[in-house]
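Q: Could you have a look at this structure, given as structure tokens, before my questions?
The values are calculated or read from the model by the stated rules, or taken from the named source; none is laboratory data. Everything quoted here is computed from the prediction, not taken from an experiment. All Cβ positions, glycine included, derive from the backbone under ideal geometry; neighbour counts span all protein chains shown.
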Amino acid sequence: MIKKISFTPIVDSRGSLIAIEEPTIGFTVKRIYYIYGANSATRRGYHAHLNLKQFFICISGSCKIQFEEDSDVKVINFNSNDKGVYVEGIVWREIYDFSNDCILLVLASEVYNEEDYIRDYKDFKKLSN
Ligand code: T46
């Protein structure tokens, strides 16, 4: 499942603040990581997860993520820090078109576990059929 969620910034003369609480994310966050220093030639991802739930927020700059779920392919433009995308289930993803200032923040439901990764596209297709 892939779900877009918009946040409401709290804006005043000092700038803006976005608070994201557990009910919005839908899971308890056990890990946070962020990707930065990528550029327009970079392509990352090329995997799906078995059990991980994730919440993606591009807090600076922009990038695109191509998600594939049950043969349905969609590209989401991450170009705003007041929107996030929730992902669960077996979803192949490729991340690309990073701006130089891109910081992609990921909140995850589990600690890092390489065994949760499906890194072979053929295995992904078998599991999603
Ligand atoms: C995802 C996309 C958006 C760790 O040691 N701990 C971690 O929590 C993570 C995420 C990675 N690593 C190690 C594993 C690799 O040696 O960092 C290295 C780079 O990871 P990876 O090649 O998986 O990076 P991406 O950008 O292809 O994928 C990552 C996440 O792995 C993945 O869950 O959805 O970001």
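Q: Name the single residue, out of those in segment 1-39 being hydrophobic (A, V, I, L, M, F, W, C), in contact (Cβ under 8 Å) with a residue 60 or more places away in the chain and assigned to a strand (DSSP E or B), that is surrounded by the fewest Cβ atoms within 10 Å (Cβ to Cβ).
A: I32
Q: How many residues does segment 112-126 contain that are within 14 Å of the ligand (Cβ to nearest atom) and not in a loop (DSSP other than H, G, I, E, B)?
A: 7
Q: With the condition kept exactly as written, say whether any residue in segment 55-62 is part of a strand (DSSP E or B) and in contact with an Asp or Glu (Cβ under 6 Å, 6 or more places away or on another chain).
A: Yes - at least one qualifying residue is present in segment 55-62.
Q: A follow-up question, please. Quick check: is even one residue across segment 108-128 modelled with pLDDT of 95 or more, of a type in the set (V, I, T), surrounded by 12 or more Cβ atoms within 10 Å (Cβ to Cβ) and within 23 Å of A19 (Cβ to Cβ)?
A: no
Q: Quick one: I90 ticks every box in (1) touching a strand residue (DSSP E or B) at 6+ places or on another chain (Cβ under 6 Å); (2) assigned to a strand (DSSP E or B); (3) without any contact (Cβ under 8 Å) to a residue 60 or more places away in the chain; (4) not acidic (D, E) except a single one, so which number is it?
A: Checking I90 against (1) touching a strand residue (DSSP E or B) at 6+ places or on another chain (Cβ under 6 Å); (2) assigned to a strand (DSSP E or B); (3) without any contact (Cβ under 8 Å) to a residue 60 or more places away in the chain; (4) not acidic (D, E), the one that fails is (2).
Q: On the given criteria, is I59 without any contact (Cβ under 8 Å) to a residue 60 or more places away in the chain, touching a Leu at 6+ places or on another chain (Cβ under 7 Å) and either among the basic types (K, R) or surrounded by fewer than 17 Cβ atoms within 10 Å (Cβ to Cβ) (or both)?
A: yes
Q: Return the pair list, or none, for Cβ contacts closer than 7 Å from residues in segment 40-54 that are on the phi < 0 side of the Ramachandran plot and at pLDDT below 95 to residues that are crowded, with 17+ Cβ neighbours inside 10 Å and acidic (D, E), at least 6 apart or on different chains.
A: S40/D97
Q: Please specify each residue of segment 82-111 satisfying the condition of being under 22 Å from T24 (Cβ atoms), hydroxyl-bearing (S, T, Y) and more than 12 Å from the ligand (Cβ to nearest atom).
A: Y86 - this is the single residue of segment 82-111 that is under 22 Å from T24 (Cβ atoms), hydroxyl-bearing (S, T, Y) and more than 12 Å from the ligand (Cβ to nearest atom).
Q: Just one of I65, I76 is within 11 Å of the ligand (Cβ to nearest atom), assigned to a strand (DSSP E or B) and under 26 Å from E114 (Cα atoms); which is it?
A: I65
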